[in-house]
Amino acid sequence: MQQAAPQSFDRVLSSMCTRPHPTARDAAERFLATNPGDPDTYRTVADLETRVIAGLGELTGLADPQGYVASGGTEANVQAVRAARNRADAVTPNVVVPESVHFSFQKAAEVLDVSLRTVPVDADRRADPDAMADRIDADTVLVVGVAGTTEYGRVDPIPALADLAADADARFHVDAAWGGFVLPFTDHDWHFSDAHVDTMAIDPHKFGQAAVPAGGFLAREAATLDALAVETPYLESTSQATLTGTRSGAGVASAAAALDALWPEGYRETYERAQSNAAWIADELDARGFDVVDPVLPLVAVDLPGHLFDALTERGWRLSRTARGELRLVCMPHVTRETLREFVRDLDACRDAH
Ligand code: 0PR
């Protein structure tokens, strides 16, 4: 039987995954059979995990970082909700989020039996602190801000949201799962030293260029992880704060290798290239009369008629839409200027054909 091969990234404009850095790929292969879920048995990979958390701490302005390499942003978000719920004593806990949050918060709310209060965003698609303040009450255990939204790449006003959480005696979580590896090279306030952030999602397997699965869950206080830990009597290690049990050593080793290879200069170059590609494609689309949402981070949303979306999909482009129906182009590291030129050539051909 012929061996299956993964599809090429060449025409993938819809994904937040990307080609791993070569040394990250090699490290993933070497550590495939290790389990950081049992750190006393698999000590080498446990040491690599400590290095990853230290690296993520440096990247996010967090001295003495606590956390672990999760399966992805979903797990990190679920764990943020779980820790906040466990640390509070609300009888009917609620979590206040902007409507731009990733759908993983719906999963968190359902699994953890907390109510999710979703608040409309402002005209620029960012969280609206006044509107969020109106939904916060004594049972609010967590307020969430997003630094790099999935649909439009927006960065919420993180310091203002942190203040709201502090006033309400609630925890504050920042979802930087996608944006975390590009934001250090921008002027945005988004991380632990910009505001009182309690927890954060930041994924090496997105812009961090590590192999899947490598998510990041960070916490300011050790007590956050304590609030998640369960006893593990028959393992060499005595407790476990992660949601999954057996975890991917490949993801951990790969994240360590990617950080070693790329932080900070490689990530800076990646960001600059991606942002300039996003600006370029935004201009090209604007010049053709389409309504483009200005790319704050390397993600462009554009109001493209359905027949063009379908025709481009027919030509092999992997595209996705926002909930409102705009085309989303995610300028990940594998998306080169040449890829985008080809996309524009195909777009023009589809328009001529219509
Ligand atoms: N938070 C944010 C801001 C995200 O954008 C995502 C994923 C998550 C959390 C959840 O992360 P995990 O998927 O790692 O659990 N955003 C993308 C999305 O749902 C994920 C994605 C990745 C989609 C690759 C497609 C794809 O090919 O759209």
Next on the checklist: Could you report region 22-262's accessible area per residue, 1.4 Å probe, as an integer in Å²?
Outcome noted: 40 Å²
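Local charge sum around Val146 (other residues, Cβ-Cβ under 12 Å, Lys/Arg +1, Asp/Glu -1)?
-1
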Checklist entry - Rounded if a/c is under 1.5, else prolate if a/b beats b/c, else oblate: with a ≥ b ≥ c from the C-alpha gyration tensor eigenvalues square-rooted, which is region 194-351? => result prolate
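In debye to the nearest 20, how big a dipole does region 265-353 give about its Cα centre with +1 on each Lys and Arg Cβ and -1 on each Asp and Glu Cβ?
Here the size comes out at about 240 debye.
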Checklist entry - If you average the sequence gap of Cα pairs under 8 Å that are 6 or more apart and divide by the length of region 79-189, what percent do you get for the contact order? => result 26 percent
Checklist outcome for this item: Given 177-185, 263-271, the highest-first ranking by average Cβ count within 10 Å works out to 177-185, 263-271
Next on the checklist: How charged is the neighbourhood of Thr322? Take every other residue with its Cβ under 9 Å from the Cβ of Thr322, and add Lys/Arg as +1 and Asp/Glu as -1.
Outcome noted: +1
Next on the checklist: Counting only protein heavy atoms and a 1.4 Å probe, tell me what percentage of the chain's accessible area is made up of carbon and sulfur.
Outcome noted: 47 percent
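Okay, helix-only estimate at 222 nm for the chain: each DSSP H run of n ≥ 4 adds -39500 (n - 2.57), divide by all residues, round to 500 deg cm²/dmol; what do you get?
The helix contribution divided over the chain gives -12000 deg cm²/dmol.
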Checklist entry - Quick one: which of 5-17, 104-116 comes out on top by average Cβ neighbours within 10 Å, and what's the full order, highest first? => result 104-116, 5-17
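Does the chain classify as rounded, prolate or oblate by the C-alpha gyration tensor (a ≥ b ≥ c root eigenvalues; a/c under 1.5 gives rounded; else a/b over b/c gives prolate, otherwise oblate)?
oblate
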Checklist entry - For Leu299, which sequence-distant residues (separation of 5 or more, or a different chain) have an amide H within less than 5 Å of its own amide H, given hydrogens modelled in the peptide plane? => result Cys331
Checklist outcome for this item: Expected sort for 315-324, 218-227 on mean C-beta neighbours within 10 Å, highest first, is 218-227, 315-324
Next on the checklist: Net charge around Thr238, counting only other residues with Cβ within less than 10 Å of its Cβ (Lys, Arg = +1; Asp, Glu = -1)?
Outcome noted: -3
Item to check | Projected area, mean over directions - region 111-235, Cα convex hull, nm² | outcome: 9.6 nm²
Item to check | Prolate/oblate/rounded label for region 279-337 (Cα gyration tensor, a/c 1.5) | outcome: rounded
Next on the checklist: What does DSSP give for the chain in terms of the percent of beta bridges that are antiparallel, rounded to the nearest 5?
Outcome noted: 55 percent
Item to check | Pairwise centroid distance, computed over Cα atoms, of region 44-119 with region 220-252, Å | outcome: 14 Å
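The values are calculated or read from the model by the stated rules, or taken from the named source; none is laboratory data. Remember, it's a predicted structure, so these values are computed and weren't measured experimentally. Here Cβ is always computed from backbone atoms with ideal geometry, including for glycine, and neighbour counts include all displayed protein chains. Heads up: the accessible areas ignore ligands, DNA and RNA and are worked out on the full protein's heavy atoms, side chains in. Shrake-Rupley method; radii C 1.70, N 1.55, O 1.52, S 1.80 Å.
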